[in-house]
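One structure below.
Rule-based calculations on the coordinates, nothing more; no lab input. Just so we're clear, the structure is a prediction, and the values are computed from it rather than from any experiment. Cβ placement follows ideal geometry from the backbone for every residue including glycine, while neighbour counts extend to all protein chains displayed.
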Amino acid sequence: MKFISFGDIHEYAENVQKIDEIQDADFVVITGDLTNVGGIKKAKDIIDFISHYNPTIYAQIGNMDLEEVNNYFDEIGINLHGKGIVIEDVGIFGVGGSNHTPFNTPSEYSEEQLEEFIYKGYESVKNLPIKIMVSHTPPYNTATDIVGDGIHVGSTAVRKFIEEYQPQLCLTGHIHEAVGKDKIGSTIIVNPGMLSNGGYTEIIKKGKSLEVTLKKV
């Protein structure tokens with residue numbers, strides 16, 4: 001199994017066509033922020049564009065996407081936010097939006113709400129041997145949640161869950177400048193940054209292990 005993950009598209013998806021691996025990937029995971037405070041039309045344009053290169057897509061809202069985008073993803077059957085999907089022996093579950101920011105963006109939640117979404121998605125995949133968490137907002141106090149002034153702004157609920165349940169991988173984004181990899185226990189955390197800057201992640205499953213590579217077009 002091989003798949004590609006990216007996010008923070010912000011209505012600029014053209015770099016998808018430069019991802020050499022995307023056409024032979026089994027599927028694509030979008031971690032959030034398809035739009036800039038956009039609704040269904042903007043999100044649909046992005047999904048349609050990406051589907052030209054790979055038609056199997058799973059996605060969730062980021063904090064910059066309107067709530068109607070979440071409903072649209074439900075309607076077309078690709079939503080990860082508060083949900084889990086099973087592919088072979090891999091369970092992928094998601095939590096979209098973000099914890100509160102200073103910018104009053106459309107899809108922000110309290111840490112308690114984020115925790116509810118996480119557990120709701122995890123419930124349907126918890127018995128799978130390989131579990132992948134897709135969290136638009138990164139876990140607190142990692143290399144993936146540092147803003148320009150050096151402050152950690154990630155989610156405490158996401159971190160708490162990872163510490164306790166140790167999924168093999170957490171795919172994240174949201175903090176554009178915090179490109180990198182980190183670990184919490186045995187969980188790999190990866191933030192490829194903005195797709196418009198060329199960042200994406202390639203994940204290859206080999207047996208019971210995952211090879212996770214940060215890449216740039």
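Here is how the numbers come out for the structure above:
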quantity: Relative contact order, percent, the chain [alpha-carbon distance under 8 Å, six or more residues apart]; calculated: 21 percent
quantity: Net charge of Cβ neighbours under 13 Å - reference K208; Lys, Arg +1; Asp, Glu -1; calculated: 0
quantity: Loop-resident sites, the stretch 28-126, for GluC sites (Glu not before Pro), counting at most 12 other Cβ within 10 Å (DSSP); calculated: E88
quantity: Computed [θ] at 222 nm, deg cm²/dmol, the chain (DSSP H ≥ 4; -39,500 (n - 2.57); rounded to nearest 500); calculated: -6000 deg cm²/dmol
quantity: Prolate/oblate/rounded label for the stretch 133-212 (Cα gyration tensor, a/c 1.5); calculated: oblate
quantity: Neighbour-count ranking [beta-carbon atoms within 10 angstrom, fewest first] of I184, I132; calculated: I184, I132
quantity: Candidates per chymotrypsin sites (Phe, Trp or Tyr not before Pro) in the stretch 81-127, loop by DSSP, up to 10 other Cβ within 10 Å; calculated: F103
quantity: Gyration tensor (alpha-carbon) shape descriptor, the chain, a/c threshold 1.5; calculated: rounded
quantity: Rounded FRET efficiency, nearest 0.05, which uses the C-beta distance separating E123 from L210 and R0 of 25 Å; calculated: 0.70
quantity: Of the GluC sites (Glu not before Pro) in the stretch 175-217, those whose Cβ has at most 14 other Cβ within 10 Å and which sit in DSSP loop; calculated: E177
quantity: Above-threshold pairs, the threshold being 22 Å between Cα atoms, out of K181/K215; K2/K44; K183/K205; K160/K205; K183/K208; calculated: K2/K44; K160/K205
quantity: Around E11: net Lys/Arg minus Asp/Glu count, Cβ-Cβ under 14 Å; calculated: -3
quantity: Proximal aspartates and glutamates relative to K18, as straight alpha-carbon distance under 16 Å, when same-chain residues fewer than 8 apart are discounted; calculated: E202
